[in-house]
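Colleague: Please read through the structure below; I'll follow up with questions.
Every number in this text was worked out from the coordinates using simple rules, so none of it is lab data. These figures come from a predicted structure and were not determined experimentally. Neighbour counts are summed over all protein chains in view; Cβ atoms, including those assigned to glycine, are modelled from backbone coordinates with ideal geometry.
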Amino acid sequence: MKRKTVFLLLLIWHWSVQAQKAIVVFQSDEPVVLRLHAPVDGFFNQRYPTDTICLMPKEKYICKLDVDDLAFVSCRLPKGKIELLLFPNDSLMVTYEKGNAVFSGTNAEGLFYWNFDYPFSYTDQVKNKLNEIFQDSVNIQWIQNEIKKIGVYDKLDALEYEGKVTSAFADVMRKNVGMHYNYNLIAHYYNLKENALATADTREKATMMIDSLFSSIPPTDEELVKYPLTGLYEDLYLSLLYDGLDDKQKLALLNGHDEDAFGAYRKYLLLPDKLRLPVWFEAFIMQFLYKVDEFDKTKMYKYLVDNYPDTESVCIIKHILELNKVNNKPFQHSYLASSADSLQDLLKAKELQNKWILVDVWATWCLPCRQEFQHAAALHEWLKQYPQIAMVYLSIDRQEEEKQWKKDIELFRLEGYHLRASQKMRQDITEKFFQGGSIFVPRYILLNKDGEIVIPDLPRPSDINAMKNEIEKELNMRVN
């Protein structure tokens, strides 16, 4: 009887640990689409949206998230993103108000600090302090003491002391910030070490500092897979480690696998087995997100199935592979004559006369552009309701990128009209929208039938409802 009681208590304890939740309530003062990136297999996930939330004014969306000990959750807003640090039994409200996120509930002030104040503090205080540290050859303890004098740590200490954040929240943030500092310091010491003019003594000290900094927060700590800043930190560590291997050691890493299965990600084989899955998962998502081929997807998928068969990651990747099977059906697209030297000149094209023009300014090298193309099919489908609107994809690629430009049009199945901007067209865009400076893409612009720029900066297709609302509002105004 005693054994049964103990077993039952253990079972109840196990269930209670597994069933812990954090509750996040989302609300907005305007129609908005939010994309939630909750952890996958327990690790931080910033690429794959696990939930899409369509918020309407006065409505609330209650999200219950599984949390074992801690979870960073990334949330994509119409403009930018926020990161939520959650613990079991946390209760938080996120209000999207006048284009900004407002927090209330557990650790609200800490979340505001992390999302909105921390980058400012880093730019103005931390960078100056790190630059001071860079001038000195000192030991790791001295550096850690100097870093603790920076306002970022003071702020976390104050929030914890005043009871505005829990000790657990403050501790996790200190570790997260510590990785950020270590990354910058290690990059500095590595450059110092590789400087052709560096003395043997300088190189030795730089190597010692790099080793000491990595030892202070080991990149192979399994808990770090839950943190948002781990990716950069881990990548730097592995790059330095991999560069130190000879060809025979690099070959041995493959352990009989085909090199094509890992491609540019082969260095991650240096990680312990448990830490590899988050890297492979993110790498796989990026291949489809940006339509790139950094490794053989079929071989990588087989490796994942063999090594991580019952994981959420493999299920998601399988689903994505099925969705992205090659579509050889023809799609409607054509190339415009290249005589347009300004946006208004687009109306000279016979195909675009008496049309409103929705212009997507993009480039083959622009990753955000490629990411937005994931939503192109929904945009094309919506535009079928408005035959008076012509879709024009205006590339700012140079002549030498023409082959890739045409390849990407086919790859992303971009329905509409296509033009690679002339030098004069690029200059026109620069002067009209960027005060003569660099062109930032993607950029979405709406022209009316007279060639007037009626909306110079539309929401992106990833926020399709906001884009629709602005275009339809403009169309209705012209009709009325």
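Colleague: Please list, or write none, the aspartates and glutamates whose alpha carbon is within less than 20 Å of the alpha carbon of Lys424, excluding same-chain residues fewer than 8 places away.
Modeller: Asp341, Asp345, Asp360, Asp397, Glu400, Glu401, Glu402, Glu452
Colleague: Something else about it: Would you list which lysines come within 22 Å of Lys325, measuring only between C-alpha atoms, while excluding same-chain residues fewer than 8 positions from it?
Modeller: Excluding near neighbours in sequence, the set is Lys291, Lys297, Lys299, Lys302, Lys406, Lys407.
Colleague: What's the local net charge at Cys75, with K and R +1, D and E -1, over the other residues with C-beta under 9 Å away? Mind showing how you got there, number by number?
Modeller: Working: positive: Arg35, Arg76, Lys81; negative: Glu83.
So the environment of Cys75 carries a net charge of +2.
Colleague: Which lysines have a Cα lying under 23 Å from the Cα of Lys205, excluding residues fewer than 8 positions away in the same chain?
Modeller: Once the sequence-local lysines are set aside, what remains near Lys205 is Lys127, Lys129, Lys148, Lys193.
Colleague: Just want the answer: with Cβ charges of +1 for Lys and Arg and -1 for Asp and Glu, which residue in Leu65, Leu36, Leu77 is farthest toward the dipole's positive end in the range 19-106?
Modeller: Farthest towards the positive pole: Leu77.
Colleague: In addition: About its Cα centre, what dipole magnitude does the range 394-436 give when the only charges are +1 on Lys and Arg Cβ and -1 on Asp and Glu Cβ, stated in debye to the nearest 20? Each step should come with its number before you reach the end.
Modeller: Values: 9 positive and 9 negative charges, 11 e Å.
Computed charge dipole of the range 394-436: roughly 60 debye.
Colleague: Just one of [x] -0.35, -0.46, -0.71; [y] -0.28, -0.38, -0.63; [z] -0.36, -0.49, -0.80 is log10 I(q)/I(0) by the Debye sum over Cα atoms at q = 0.06, 0.07, 0.09 Å⁻¹ as worked out from the coordinates here. Which one is it?
Modeller: [z]
Colleague: Another question about this same structure. Could you tally the net charge around Arg460, taking each other residue with its Cβ under 15 Å from the Cβ of Arg460, Lys/Arg +1 and Asp/Glu -1? Intermediate results must be reported in sequence, preceding the final value.
Modeller: Working: positive: Arg35, Arg76, Lys79, Lys81, Arg370, Arg443, Lys468; negative: Asp360, Glu372, Asp457, Asp463, Glu470.
Net charge in that neighbourhood comes out at +2.
Colleague: Can you give the net charge of the other residues whose Cβ lies under 13 Å from the Cβ of Leu321, counting K and R as +1 and D and E as -1? Don't jump to the answer; show the numbers that get you there.
Modeller: Numbers: positive: Lys297, Lys299, Lys302, Lys318, Lys325; negative: Asp296, Glu322.
Charge balance in the 13 Å sphere: +3.
Colleague: In debye, nearest 20: dipole of the range 18-70 around its Cα centre with unit charges on the Cβ of K, R (+) and D, E (-)? Intermediate values should be presented prior to the final figure.
Modeller: Numbers: 6 positive and 8 negative charges, 26 e Å.
Dipole magnitude for the range 18-70 comes out near 120 debye.
Colleague: Continuing with this model, one more query. Scan the chain and hand back the longest stretch that contains none of the chymotrypsin sites (Phe, Trp or Tyr not before Pro) lying in DSSP loops with at most 14 other Cβ atoms within 10 Å. Can you show the working numbers first?
Modeller: Numbers: sites that count: Phe331, Trp365, Phe434, Phe440.
Longest stretch, sites excluded: 1-330.
Colleague: Could I ask something else about it? Return the Rg/Rh value of the range 19-106, two decimal places, where both radii are evaluated on C-alpha atoms and Rh is the Kirkwood radius. Before the final figure, lay out each step's value.
Modeller: Working: Rg = 12.2 Å, Rh = 13.0 Å.
Radius of gyration relative to Kirkwood radius: 0.94.
Colleague: Next question. What GluC sites (Glu not before Pro) does the range 311-365 have in DSSP loop regions with at most 10 other beta carbons within 10 Å?
Modeller: Working: sites: Glu312, Glu322, Glu351; in loops: none.
The qualifying sites: there are none.
Colleague: Considering the options Val172, Val454, Leu232, tell which one lies farthest towards the positive end of the dipole of the chain, charges being +1 on Lys and Arg and -1 on Asp and Glu at the Cβ, about the Cα centre.
Modeller: Value: Val454.
Colleague: Take the alpha carbon gyration tensor of the range 166-259, find the square roots of its eigenvalues, order them as a ≥ b ≥ c, and report rounded if a/c is under 1.5; if not, report prolate when a/b exceeds b/c, else oblate. Mind dumping the intermediate values first?
Modeller: Values: a/c = 2.89, a/b = 1.19, b/c = 2.42.
Cα axes put the range 166-259 in the oblate bin.
Colleague: Answer with one residue from Gly99, Leu277, Thr52: the one whose Cα lies farthest towards the positive end of the charge dipole of the chain, charges on Cβ with Lys, Arg +1 and Asp, Glu -1.
Modeller: The residue sitting most towards the positive pole is Thr52.
Colleague: Related question: Using only Cα atoms, find the angle between the long axis of helix 312-323 and the longest principal axis of the chain, and express it within 0 to 90 degrees, rounded to the nearest 10.
Modeller: 20
Colleague: Let me ask you something else. Based on Cβ point charges of +1 for Lys and Arg and -1 for Asp and Glu, what charge dipole magnitude is obtained for the range 114-323 about its Cα centre, in debye rounded to the nearest 20? List each step's numbers first, then the result.
Modeller: Working: 23 positive and 34 negative charges, 30 e Å.
Here the size comes out at about 140 debye.
Colleague: Also: Among bridges DSSP assigns within the chain, what percent are antiparallel (round to 5)? Before the final figure, lay out each step's value.
Modeller: On the way: 35 of 55 bridges.
Taking every DSSP beta bridge with both residues in the chain, the antiparallel ones total about 65 percent.
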